[in-house]
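Student: Pasting a structure below so you can have a look.
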Amino acid sequence: GSSGIAVVKALRDRGIPHTCYEKGDDIGGNWYFRNSNGMSAAYASLHINTDAKLMEYRDYPMPPDTPDYPSHRLIKAYFDDYAAHFGLREHIRFDTEVTRAERAADGSWAITLDSGETERFDALVVANGHHWDPRWPDPPYPGEFDGPQIHSHEYMSPHEPLDFHAKRVLVVGMGNSAMDIACELSRPGIAEKLFLSARNGVWILPKYLFGLPMSRLGMLPHWLPWQLGGFLTRLAVTLNAGSPWRFGLPRPKHRMLQAHPTISQEIYMRLGSGDVLPRPGIRALKGDRVEFTDGREEPVDIIVWCTGYKLSLPFFDPGFISAPGNDLPLWERMIKPGIDNLYFVGLLQPLGAIMPIAEAQGHFIGDHLLGRIVLPDVAEMERAMEHERAAMFRRYQDHAPRHTMQVDFEAYLHRLRKHARRGRRLAAAAA
């Protein structure tokens, strides 16, 4: 995927021998529509929500004629060009699944593949993503639903995997996928009715603000407190686009940037046109009807659950590393203190794009493997983790699974640069 190829390039640039395993038949990960590994969440109409200039790798800019918010096809083509330009494919073994990763007593890694063979390595980098294992409502809602139900991960188009035309469709959720799918299916001539159900409100950011891509205006400098940044963002967004409750959506119970916002340029228009009918949370499923918490019942033919994803690491023994409730504490979302040859890349949720962050993580890991960067000791990393987690849980008070990996884009990159500078000084002192 987009994180893995960034690491492959970083290791290649540094002359570090490496092998990358990919379960599918090509690069692209989540952005490879109909990926043969079955793990892509892309649908036919998917476009990026963070503009291309923020998403591109810093050492390989996108072509000048790239639109602000390109489709998954253009993003996949960009990754193909990136891999071809830097000669990355020769390091990737496609159609190869890692079924088990075990750390031996000497610290080396035994990697078992779906072919049955086992290979050994000095270090392991995990970049398997966190948007491929669907999370369904847990516990499930009371009652039974007679019609078909799918998770947004299965959604491809208004024709696939189900024919949504002339159907009464309920979309559950308030994230980016929920907004995209609700807007698409509610267009005249597709769904007969489109209900959008949400237990809790979210802040919705437009793709464009004052005529410019929102992310170019909204990436907060690392020194700005998030509280002030949230106030300024809310002021600009509500003046320019409006507030969710004005359109019948739940009023958020949190401040702007105190939960991951949703990005949609179209949802308010669909709500204002009556094409999307907002509903509160679900109380019960009643055969061919759904009862909502306000007492209303609606006849429904299909439910699309846009309820997020689980962080899954199926190749590890759960007693060694697991992520219950999507919570996997790591130093700077990369390293588990005490295991100095295991690294995680892209295992975070920024308000922004993962690609430049994965690229920076790859540089950091490569330099550490070469001894150019010395890590803090275990006790210092654990103190930093406790401080970071305490601050995160103060800010994201709902402790929801989607907020266990949250980072601020510019602040995270700034911290990583500081760690790299300090690590180089420690390496020089120890030389």
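Student: Which residues, taken from the stretch 271-283, are outside any strand (DSSP E or B) and open to solvent by less than 30 Å² (accessible area, probe 1.4 Å)?
Tutor: L271, V276, G281
Student: Being open to solvent by less than 30 Å² (accessible area, probe 1.4 Å) and not β-branched (V, I, T) is true for just one of M62, M39. Which residue is that?
Tutor: M62
Student: Being acidic (D, E), within 19 Å of the chain's Cα centre (by Cα) and not in a loop (DSSP other than H, G, I, E, B) narrows it down to one residue among E359, E382; which is it?
Tutor: Checking each option against the conditions leaves just E359.
Student: State whether the residues of the stretch 290-298 include one that is closer than 24 Å to A42 by Cα, in contact with a strand residue (DSSP E or B) (Cβ under 8 Å, 6 or more places away or on another chain) and open to solvent by less than 20 Å² (accessible area, probe 1.4 Å).
Tutor: no
Student: State all residues of the stretch 111-133 that are closer than 17 Å to N37 by Cα, of a type in the set (S, T, N, Q) and open to solvent by less than 50 Å² (accessible area, probe 1.4 Å); if no residue qualifies, say none.
Tutor: Listed by number, the list holds a single entry, N128.
Student: Considering only residues of the stretch 73-101 that are hydroxyl-bearing (S, T, Y) and farther than 18 Å from I354 by Cα, which is most open to solvent (accessible area, probe 1.4 Å)?
Tutor: My answer is T99.
Student: Considering (1) buried (at least 16 other Cβ atoms within 10 Å of the Cβ); (2) within 17 Å of E359 (Cα to Cα), say which one P70 fails and leave the rest.
Tutor: Condition not satisfied by P70: (2).
Student: Continuing with the same structure: Would you confirm, using the coordinates I've provided, whether R333 is of a type in the set (K, R), modelled with pLDDT of 95 or more and under 30 Å from E192 (Cβ atoms)?
Tutor: No, not satisfied.
Student: State yes or no: is I335 free of Cβ contacts under 8 Å to residues at least 60 places away in the same chain, touching a Phe, Trp or Tyr at 6+ places or on another chain (Cβ under 9 Å), farther than 23 Å from H153 by Cβ and β-branched (V, I, T)?
Tutor: So I335 passes the test.
Student: Given the condition open to solvent by 20 Å² or more (accessible area, probe 1.4 Å), without any contact (Cβ under 8 Å) to a residue 40 or more places away in the chain, of a type outside the set (G, A, S) and assigned to a loop (DSSP other than H, G, I, E, B), answer yes or no: does some residue in the stretch 206-215 qualify?
Tutor: Taking every residue of the stretch 206-215 in turn, at least one turns out to be open to solvent by 20 Å² or more (accessible area, probe 1.4 Å), without any contact (Cβ under 8 Å) to a residue 40 or more places away in the chain, of a type outside the set (G, A, S) and assigned to a loop (DSSP other than H, G, I, E, B).
Student: Return the residues of the stretch 6-36 that are in a loop (DSSP other than H, G, I, E, B), open to solvent by 50 Å² or more (accessible area, probe 1.4 Å), under 21 Å from E154 (Cα atoms) and not small (G, A, S); say none if nothing qualifies.
Tutor: K23, D25, R34, listed by residue number.
Student: Related question: Which one of these does I357 not meet: (1) buried (at least 20 other Cβ atoms within 10 Å of the Cβ); (2) under 21 Å from H131 (Cβ atoms); (3) touching a residue at least 60 places away in the same chain (Cβ under 8 Å)?
Tutor: Among (1) buried (at least 20 other Cβ atoms within 10 Å of the Cβ); (2) under 21 Å from H131 (Cβ atoms); (3) touching a residue at least 60 places away in the same chain (Cβ under 8 Å), I357 violates only (3).
The values are calculated or read from the model by the stated rules, or taken from the named source; none is laboratory data. What you are looking at is a predicted structure, and each value in this text was computed from that prediction instead of being measured. Because the Cβ atoms are built from the backbone with ideal geometry, glycine has one as well, and the counts that use them run over all protein chains shown. The protein model used for the area step is the full one, side chains on, heavy atoms only, and it has no ligands, DNA or RNA in it. Shrake-Rupley method; radii C 1.70, N 1.55, O 1.52, S 1.80 Å.
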